[in-house]
Protein chains: 2
Amino acid sequence: MAQTADQDPHPVVTGADDMIRALEEGGIDLCLTNPGTSEMHAVAALDRSDRMRCVLALFEGVATGAADGYFRMARRPAATLLHLGPGFANGMANLHNAKKAGSGVVNVVGDHASFHLAYNAPLTSDIAGMARTVSHWVQAAPDAAALAEAATQAVEQARIGTGRVATLIAPADATWSAGGQPIRRAAPPPRRAVPDAARIAAAAATLRRGGTSLLLLGGSFVLARAKAWAAAIAQATGCALRTPISSPRNERGAGRVEIPRVPYAGEEAIAALREVRQVVLCGARRPVSNFAFPDRSNVLTQRGCTFVELAEADDDIEATLAALADAVGVQAASAPTPVAATRMLPTGAPTPEGIARTITALLPENAVVVDEAVTTGRGFARFTADAQPHDWLQNVGGSIGYGMPVAIGAALACPDRRVLCLAGDGSAMYTEQALWTMAREALDITVVIMANRAYQILRAQLPRVGIRNPGQRSIDMLTLDRPALDWVGIARGHGVEAGHADDLEGLARQLQRGFAASGPYLVELRL
Amino acid sequence: MAQTADQDPHPVVTGADDMIRALEEGGIDLCLTNPGTSEMHAVAALDRSDRMRCVLALFEGVATGAADGYFRMARRPAATLLHLGPGFANGMANLHNAKKAGSGVVNVVGDHASFHLAYNAPLTSDIAGMARTVSHWVQAAPDAAALAEAATQAVEQARIGTGRVATLIAPADATWSAGGQPIRRAAPPPRRAVPDAARIAAAAATLRRGGTSLLLLGGSFVLARAKAWAAAIAQATGCALRTPISSPRNERGAGRVEIPRVPYAGEEAIAALREVRQVVLCGARRPVSNFAFPDRSNVLTQRGCTFVELAEADDDIEATLAALADAVGVQAASAPTPVAATRMLPTGAPTPEGIARTITALLPENAVVVDEAVTTGRGFARFTADAQPHDWLQNVGGSIGYGMPVAIGAALACPDRRVLCLAGDGSAMYTEQALWTMAREALDITVVIMANRAYQILRAQLPRVGIRNPGQRSIDMLTLDRPALDWVGIARGHGVEAGHADDLEGLARQLQRGFAASGPYLVELRL
């Protein structure tokens, strides 16, 4: 059926106005946009409102990654505004990462007008089918009257547990038709659970077995207070403590308890967990390697190791630990012994340790570090534990290209904090468009590109797949040289001031410049 | 179940070797790769073979778009090698475009080892669910023994009709386990159909009604020969001729019949089709606007217009037209009257007409033009019809960011032809990573960025959505300024030499430089 001309083409209040107002009433104050024709009525509604900040991204993966970063720091969801199925598809990789991190995101995706779908116009696609693969909740509003309620439900869904990915599909005719529906107040997020006494007791009994027991502390936010409880529990029981390979957000730095991670590399992880006979999972899952290989185990614990599932990531981790502490007779959380932080600036070649120590010496207090320094950064943790207090954000979904977008979201959430984004050159390339949004919004982000000019994580695996003498084809597929990427030029081309460093002295100078800058700054560290 | 150590970790011939050999035997000679850990055995197999060219992309949308462009020019599918669900997701927008264009593509997507899936490791995702949304055929190989046959089937599927998107999911353990299966020879593509005599007769009768009849000529490849038949049919019957709003590939230029398109803008299209009472669809679908709006019809023909479905895009369009010509008593295809091509270089401000005429004057013979010059380029067709003979490629899927990747594929398919990629600044940003692959492969591509610093197509729609005085928020969402993108810097940062032009004289100089260059060259045309 073709559109009839007997309705008002421009009602005073549209379905899109209702939708935006419902998001605002639900506490959404940021919309990361990359709209197209089918979202123009949502753009018009945002134009008429003044409660939501709108930030344009020039690629959808930047918008979705920024929503993830915003949630991690602000602990409330942002919205995205995406253009039909292909626009959503461009944002899917970072929605995958957000979902794995337990970040709440509300996606608003336009669709063709309902009566237009039958014609299979160029941009017609299975939006719901795409959305289901990376969302916890997907709903298409059938008409304008449904948009307000659907938007309120999306907000409610995004707030469940640690956070959920909720995707609302808004057909163009729903957004342009007359609105004015009442806005229902979003229900408060469901209370996060604390395990019952029996489960706490089982965990306590397990940890009392001492050194062969491991308390694995996960969740979407490893709070300094939670770690202090965990340290006290470890002191009382003799158990070991670890966080998973990756954590979405970890409060760390000088004056805070540092808990070692399960190492990323399989052999190291297996060695680190060799003595462990029982694991209490507190917001974490059983430790497995990110990938399986033919010649080693993908399960990182020893055969026969037992697991006590104390709490899931969605539960109240801090309250769980407090209850667990009580069960093992601990009265107060530990205060870590203050370390005499040396924070000396190292010099010379840019080794991973030297880079980490340089960062530690210079990191501003209360910074947010977004870590996507894939291979170079793998060992940074042990050298950065006594940096000024900071939050350290990692990629728990494994899809690279998350770093710069997440840094944008963190900077939008925390305008008074410095953001340091550590990225590999290979990983940063997936979402290089992020640089422009950093410049447009004048965000205080310092990006350090670890330019090793290779997919180093893959090169290291060549022997594992039986290639001891790689030929030119495999070398070509794993290297980023010929031509070398000029990150200083790329950054400036996107409006971001930049400089390069070849050694640790240069890195220190560049970091100081970045941390002092108003707005973004990029450092190409040539390895 | 964890992996047991009792199998050979490095068999001499793996499932991946079988898979690659089956693709090669099926005629695949190009693999566009962005691999990760789960695809390393495929990388190893490609390293051991020497029959397939491997081209690295630094973002998956570049790989899938290049496969589309390769198919359009080579008329045979290329393979892509993509990393799990998120890697596939990054390639989906251009697979959407490829599917809509009728391009054949064989995607190989790695997955976790089958025994690893149960652990829900970070990169675990619903690959098949993602793949189904943009593929005609999806199959996951259960084990190494199945890989060769699955790859052969993928090739067969990709060759059906005009071309199909076939996606093969290859679990890591299938790729690393022992192979050595026999390779079945792929069946030849099914013969493309020609309508039966009754249908031809119905179309002929319709066209004989003369000026109120339209022959709409679509298909994935608008051949010069097909247009010559169509022109003869029009001469004999008095019918009108048009091609759809967009065609995947159109052989045009001096000495070839030019058929006007259905205009993109709805009002213009409706005006252009106002007199049409019956349409013969030959490889085309009923004309509808790309988007629906509240205040105009999405159907571009008049109420009561009738349609004869002569042939679908999958049918043999040239043979259909030859049969139709016979039915209307035409003996030979038309030869267009040679035009006295002026090809004067215009001067002054870079108007759309001036840009088009400059291109017409300088376009090398037998060039391939990839058209993604969204708003600026909309009217280029009428001013470029008498350029040297060339192929003109358009985006029929509507997801922007297709231009530079498709240009890569066209250049790989046609190393002896010049490729001209016309792109908007907004559209080119989605896949700017393509520049690096152009440089790495030294492809003879000249890119012209129409830098109007806006999503101009959306700005033009503001009045349509009821915004006559746009506020700062909607302006911000639709402009690419503050900061302006420096495309010369961006290109050089990716290893591509570049220059800018502010007027038509400058554009001519830059185009001449680009067409004479060995390897890629980018022109930022500041509008």
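The values are calculated or read from the model by the stated rules, or taken from the named source; none is laboratory data. Quantities reported herein were computed from a predicted structural model and do not represent experimental measurements. Reconstructed Cβ throughout: ideal geometry from the backbone, glycine too, with neighbour counts over all protein chains shown.
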note = Those residues of the range B:256-304 which are small (Gly, Ala, Ser) and at the interface with chain A (Cβ under 9 Å from one of its Cβ atoms) amount to B:Ser289, B:Ala292, B:Ser297
remark   = Note on A:Ala170: of the conditions (1) more than 23 Å from B:Ile400 (Cα to Cα); (2) more than 10 Å from every other protein chain (Cβ to nearest Cβ); (3) outside any loop (DSSP other than H, G, I, E, B), unmet is (1)
query = Of the residues that sit in the range A:122-139 and are more than 10 Å from chain B (Cβ to nearest Cβ) and within 27 Å of B:Val288 (Cβ to Cβ), which one is surrounded by the most Cβ atoms within 10 Å (Cβ to Cβ)?
reply = A:Val138
note = Those residues of the range B:67-99 which are surrounded by fewer than 24 Cβ atoms within 10 Å (Cβ to Cβ) and within 13 Å of chain A (Cβ to nearest Cβ) amount to B:Lys99
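Conditions tested, residue by residue: (1) within 14 Å of chain B (Cβ to nearest Cβ); (2) within 20 Å of the chain's Cα centre (by Cα); (3) assigned to a loop (DSSP other than H, G, I, E, B); (4) crowded, with 23+ Cβ neighbours inside 10 Å.
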site	(1), (2), (3), (4)
A:Ile359	no, no, no, yes
A:Glu365	no, no, yes, no
A:Val370	no, yes, no, yes
A:Thr375	yes, yes, yes, no
A:Arg382	no, no, no, no
A:Asp391	no, yes, no, yes
A:Gly397	yes, yes, yes, yes
remark   = Only one of (1) assigned to a loop (DSSP other than H, G, I, E, B); (2) within 14 Å of chain A (Cβ to nearest Cβ); (3) touching a Ser or Thr at 6+ places or on another chain (Cβ under 9 Å) does not apply to B:Phe307, and that is (1)
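Would you point out the residue of the range B:200-211, among those that are surrounded by fewer than 18 Cβ atoms within 10 Å (Cβ to Cβ) and not small (Gly, Ala, Ser), that is farthest from B:Glu275 (Cα to Cα)?
B:Arg208
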ask   = Which one of these is of a type in the set (Val, Ile, Thr) and under 21 Å from A:Asp111 (Cβ atoms): B:Val276, B:Val299, B:Val280, B:Val308?
value = B:Val299
inquiry  = Please verify whether A:His112 is at the interface with chain B (Cβ under 7 Å from one of its Cβ atoms), within 21 Å of A:Ala44 (Cβ to Cβ), in contact with a strand residue (DSSP E or B) (Cβ under 8 Å, 6 or more places away or on another chain) and crowded, with 24+ Cβ neighbours inside 10 Å, treating the condition exactly as stated.
reply    = yes
key: Flag if A:Ala187 is in the same structural domain as A:Phe71 (by TED's automatic domain parsing) and either outside any helix (DSSP H, G or I) or among the polar types (S, T, N, Q) (or both)   = no
task = For the range B:410-436, name all the residues that are more than 21 Å from B:Pro248 (Cβ to Cβ) and either among the polar types (S, T, N, Q) or part of a helix (DSSP H, G or I) (or both).
result = B:Asp425, B:Gly426, B:Met429, B:Gln433, B:Leu435, B:Trp436
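Conditions tested, residue by residue: (1) over 23 Å from A:Phe221 (Cα atoms); (2) touching a Gly at 6+ places or on another chain (Cβ under 8 Å).
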| position | (1), (2) |
| --- | --- |
| A:Ala78 | no, yes |
| A:Leu84 | yes, yes |
| A:Phe88 | yes, no |
| A:Ser103 | no, yes |
| A:Gly110 | yes, yes |
| A:Ile127 | yes, yes |
Helices (runs of 4 or more DSSP H) fully within the range B:1-93 counting 1 or more residues that are closer than 30 Å to B:Val419 by Cα, touching a residue at least 40 places away in the same chain (Cβ under 8 Å) and out of contact with any Ser or Thr (no Cβ under 8 Å at 6 or more places or on another chain) = B:15-25, B:60-74
task = Select the helices (runs of 4 or more DSSP H) contained entirely in the range B:442-527, then report the ones holding at least 2 residues which are more than 18 Å from A:Gln433 (Cα to Cα) and within 14 Å of chain A (Cβ to nearest Cβ).
result = B:456-459, B:472-478
key: Single unsatisfied condition, A:Pro9 versus (1) in contact with a Pro (Cβ under 6 Å, 6 or more places away or on another chain); (2) modelled with pLDDT of 95 or more; (3) of a type outside the set (Lys, Arg); (4) surrounded by fewer than 24 Cβ atoms within 10 Å (Cβ to Cβ)   = (2)
